[in-house]
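Structure, as structure tokens:
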Amino acid sequence: MKNTKNRKVIMKVEHLSKDFVIHSKKLMEPKKMLHALSDVSFEIYEGETLGIIGESGCGKSTLGRCLVQLHRPTSGTILYEDRDLWSLSGTEHKEARKNIQMIFQDPYSSLDPRKTASYSIAEAMKVHNLGESARERHQRALEALQEVGLDVQHMERYPHEFSGGQRQRVNIARALSISPKVIVCDEPVSALDVSIQAQVINLFRKIQQERKLTYVFISHDLGIIKYISDRIIIMYLGRIVEMYTAEGIYQNPLHPYTKALLSAIPPESPFEKRERVTLEGDIPSPIGEQKGCPLAGRCPNCMERCRQEIPQLKDQGDGHLTACFLYE
Amino acid sequence: MNGNDVILKVEGLKTYFYQASGVTKAVDGVSFTLKQGSTMGIVGESGSGKSVTSSSVMRLMPSKTAKIVEGSITFDGVDLLKLSNKDLLKFRGDECCMIFQNPMTSLDPVFKIGHQMVEMIREHQNISKKEAWDRAVEALKLVGIPEAEKRMEAYPHELSGGMCQRVIIAMAVCGHPKLIIADEPTTALDVTVQAQVLELLKELQDRLHTAILLITHNLGVVWQMCDTVMVMYAGNTVEYADTKTLYQEPMHPYTWGLLDSMPKLSSSSKEALTTIPGTPPDLRLTGRCCNFYNRCPYVKDICRQSVPPLVEIKPGHFVACHRQNGQNRLIRGEVNAHEEYEE
């Protein structure tokens, strides 16, 4: 990978695991553990867009929520500018939270239906003690709205008066209003139509260039992820299976899961015939203890070793990381 | 088969919703024909009337507010708009089946899969419970569900989304329908599962020779599955052609915008995506001019004055655009170069 060595690491995730306890339904039944994330480590460089792809239930949203401290990790650390987020306290903690913001998938449920757009945006600033007076916050809310392509006429509207694309713009404006450094976008465009999707994606890119933001972009749409990301992480059942540059992963996928995922994308033209790598069955349940490679039950290249050991992420040269015994 | 192989013919369909706030013209002039054993795709944004079109064919509209104002729907020589409720019940399920977007909500959560399938089969076929049970197991095997006998005893929540969608498809093919309407069948599913379900639909179509009406907003799915495709915008058919023609020579400016706004996997360009500016119109106010005029870069005065008719430009290729009606031709990408001084 080019010039990653001299780029500044803004966030670093080390051996992050997140388990959820599933309460027993029957009396005396032992509790079960759902392993949403197991041993996830990666770095986020300043100013880049890191794409995270995976199917539903692979832990990508849990990862996003851990990054913005909505979940407390079971083990492992998340470093923001070389400091552990969960060991910070008081003003430092608040400062760190201000710098890492999130945009959620559903633009309908992430705005309070009883608050106007300007109130929702100004509230975020008030929480973080930005702006001298209510008037100044109002003015800054307007500036944020104008930055995302809305206008003064949209200031005093309620969420139901906006279309889906506009509502997502208000969400973006709210995140921008407190000048964060990192924005975690959890499927920000999947609830939108194709033509509106393209508008919002262009907006994301424009803001990034203007403000030198860092994005963590979570999605299951492989076309959009490729378009917007610099590097891509592919997740399966709570683990990273492959990590490389966006270009590289699409040209030369190594992990069998990545190959299957990429070959499942619908074709780009009616003339295109794609060779399909099929995976049998569905994603196994993340509940209970895991043994062996998470893909072992579905993988066409499964070996005896895959059922016994969990493969670790290994560098296959040029920073192309993959977790598969085929490449050892 | 009345001498031809057209299974479904829809002509000038207009479905309006009557509400206190006005008349919503959800479908305002849609025409297409579907041949036996072929697949047609309907693409469009949300609110463009794709789902209302399919519900109109199934006559599943809420009778108090929705009304089919104009047009005709002919299925296998029978006028569907004249059927009685009793005949309609027979039509739905026997001749025509529908697969909905969310597999989890189309099954009843409190009954076992087997119970629901047997109930459905016995509603349409006069057979014993035992026979219906066997037929259901057979159908589940047909759609590739492992341990079909065991799954008959499962509740919907015990199955994954992809499995539930397979159960729905199994229910649909039980009665050997001539037409399957699939309303966004894979939108709620993951990519790998989506590919499995689409392959299954295709395989079943080859085996049972049914026609499929596939409603989707994903053009990739259209390229993979469909023989012909209809593009809808704000309740109108804007373009209708066979899939390869539509891909190679799209004619309507909206289709161009739609094709351009998808990020391409093969290109590595990081240029800004081409977008269609603005948002779709309010469907209560449409019907006097071209619905796309406020977002179209090629707009001219005539577009604001009258509704463009659907014209057959080449055999089988229909376009509704004033500026693409055979005499006039637009060139994609050349925006208003010579018109500006005209105005």
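What follows draws every value from the coordinates through simple rules; no lab data is involved. Please read these numbers as outputs of a predicted model, since none were measured by experiment. Methodologically, a virtual Cβ is constructed for each residue, glycine included, from the backbone with ideal geometry; neighbour enumeration extends over all protein chains shown.
A few notes on this one:
- The alpha-carbon of B:K202 sits under 17 angstrom from the alpha-carbons of these lysines, leaving out residues fewer than 8 places away in its chain: A:K273, B:K35, B:K141, B:K178.
- Positive-end residue, chain A charge dipole about Cα centroid, Cβ charges, pick of A:P284, A:H35, A:N301: A:H35
- DSSP beta bridge pairing in chain A, given as percent antiparallel to the nearest 5: 60 percent
- Among A:19-30, B:197-208, sorting by the average number of other beta carbon atoms lying within 10 angstrom of each residue, highest first, gives B:197-208, A:19-30.
- For the residues of B:253-266, the average number of beta carbons from a partner chain within 10 Å of their own beta carbon is 4.
- Cross-link reach list, lysines versus A:K212, counting only Cα pairs under 21 Å and skipping chain neighbours closer than eight places: A:K2, A:K5, A:K8, A:K12, A:K98, A:K181, A:K226, B:K270
- Segment A:202-267 and segment A:1-76 have Cα centres lying 16 Å from one another.
- Using only Cα coordinates, the Kirkwood hydrodynamic radius of chain B works out to 21.6 Å.
- Residue-averaged 222 nm ellipticity for chain A, from DSSP H runs of 4+ at -39500 (n - 2.57), nearest 500: -9000 deg cm²/dmol
- Convex hull of segment B:77-197 built on C-alpha atoms - directionally averaged projected area, nm²: 8.0 nm²
- Over the protein assembly as shown, volume per residue of the alpha carbon convex hull, in Å³: 196 Å³
- Mean projection area, nm², convex hull over Cα of segment B:133-285: 12.2 nm²
- Residues in segment A:148-155 carry Karplus couplings, in order, of 9, x, 9, 9, 4, 5, 8, 4 Hz; the curve used is 6.51 cos²θ - 1.76 cosθ + 1.60 with θ = phi - 60°, and Gly or Pro positions show x.
- The convex hull built on the alpha-carbon positions of chain A has an orientation-averaged projected area of 20.1 nm².
- Cysteines, the protein assembly as shown, no other Cys beta-carbon under 4.7 Å: A:C58, A:C66, A:C185, A:C324, B:C96, B:C97, B:C164, B:C174, B:C226, B:C289, B:C296, B:C321
- Translational diffusion of segment A:1-127, µm² s⁻¹ [Kirkwood Rh, Cα pairs; Stokes-Einstein; 10 °C; 1.306 mPa s]: 93 µm²/s
- If you take the Cα centroid of segment A:133-173 and the Cα centroid of segment B:156-196, the two points sit 40 Å apart.
- Translational diffusion of segment A:95-187, estimated by Stokes-Einstein from the Kirkwood radius over alpha carbon pairs at 10 °C in a medium of 1.306 mPa s, is 122 µm² per second.
- Restricting the chymotrypsin sites (Phe, Trp or Tyr not before Pro) of segment A:232-328 to loop positions (DSSP other than H, G, I, E, B) with no more than 12 neighbouring Cβ atoms within 10 Å leaves A:F271.
- DSSP beta bridge pairing in the protein assembly as shown, given as percent antiparallel to the nearest 5: 60 percent
- The residue list B:G235, B:V193, B:C289 was ranked by how far each Cα lies along the charge dipole of segment B:184-325 toward its positive end, using unit charges on Cβ atoms, and B:C289 comes out on top.
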